[in-house]
Amino acid sequence: MNAPHRLSRNIDRIDTGSRFTAEDAARLNAQHADSDATTLLRDILQQEPVGRVAIVSSFGAESAVLLHLAAQVDPGTPVLFLDTHKHFEETLRYRDDLVAHLGLTDLRILEPDEAEVNARDETGLRWSYDPDGCCELRKVRPLARALASFDATLTGRKAFQAATRAQLPRFEIDSSDAAGRLKINPLIDWNAARIDGYFEEHALPRHPLVERGFPSIGCAPCTHKVAPGEDPRSGRWKGWDKVECGIHKPGEEPFL
């Protein structure tokens, strides 16, 4: 068994390979109950109390905020981007421009396994009849392989984005990882006005699709415009009973 790890305000660094329990997540939530995002990120990235940490970023509509905050603390923080081969060209250009603008030095582009794609999505149209299977192939599996060497991930999820995210804590156990990896949501209590204000205050570049009616941006075939007043994520997988790609919910059984 892994050696036990301790968590305190000056949290001891965990042993490599150690993972976390729900009690650890609760303790971290209590410790950071009054911390702003910058303080939380400074503790996590500089003191390394939870081990090896990566940011998982879609380089979507609001991604620049978390990436900017992290870059101020440690621009060498690994940033994982899932290149599904289905992204808008605007997203790929925005990714490269934003990395350069923020001075991020460790962008890691994750791609689906070519053999798996050839075997399970030869036509490239799986998204049209099995979006869960497409996400599993192009997002969930590549990310799971990459995260094997990390103890925790930082996400840009926020409560206002969707009803399914309304009760998320700052620290939670990644339910897709049987070993108990941590998932950290530094911006969970930020609202749309605060996000917009941060963009303006720091002159951050916007994703070019935002002004064209895309407040939440994923793969091109499964992302639609959103009418004013609608849930920002209502344009994702429109017409399907699906609200997440799979990397932010309990893992499903492998698809056939």
So which residues in the range 169-178 are open to solvent by less than 20 Å² (accessible area, probe 1.4 Å) and in a loop (DSSP other than H, G, I, E, B)?
174
Tell me which helices (runs of 4 or more DSSP H) are completely within the range 14-127 and hold 1 or more residues being closer than 21 Å to residue 195 by Cα, or say none if there are none.
37-42, 63-73, 89-102
Can you name every residue in the range 179-233 that is touching a helix residue (DSSP H, G or I) at 6+ places or on another chain (Cβ under 8 Å), among the basic types (Lys, Arg) and open to solvent by 20 Å² or more (accessible area, probe 1.4 Å)?
206, 225, 233
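The values are calculated or read from the model by the stated rules, or taken from the named source; none is laboratory data. The structure presented is a predicted model; accordingly, all values stated were derived computationally and were not measured. Here the Cβ is made from the backbone with ideal geometry for all residues, glycine too, and neighbour counts use every protein chain on show. To get the accessible areas, we keep the full protein, side chains included, count just its heavy atoms, and leave off ligands, DNA and RNA. Shrake-Rupley method; radii C 1.70, N 1.55, O 1.52, S 1.80 Å.
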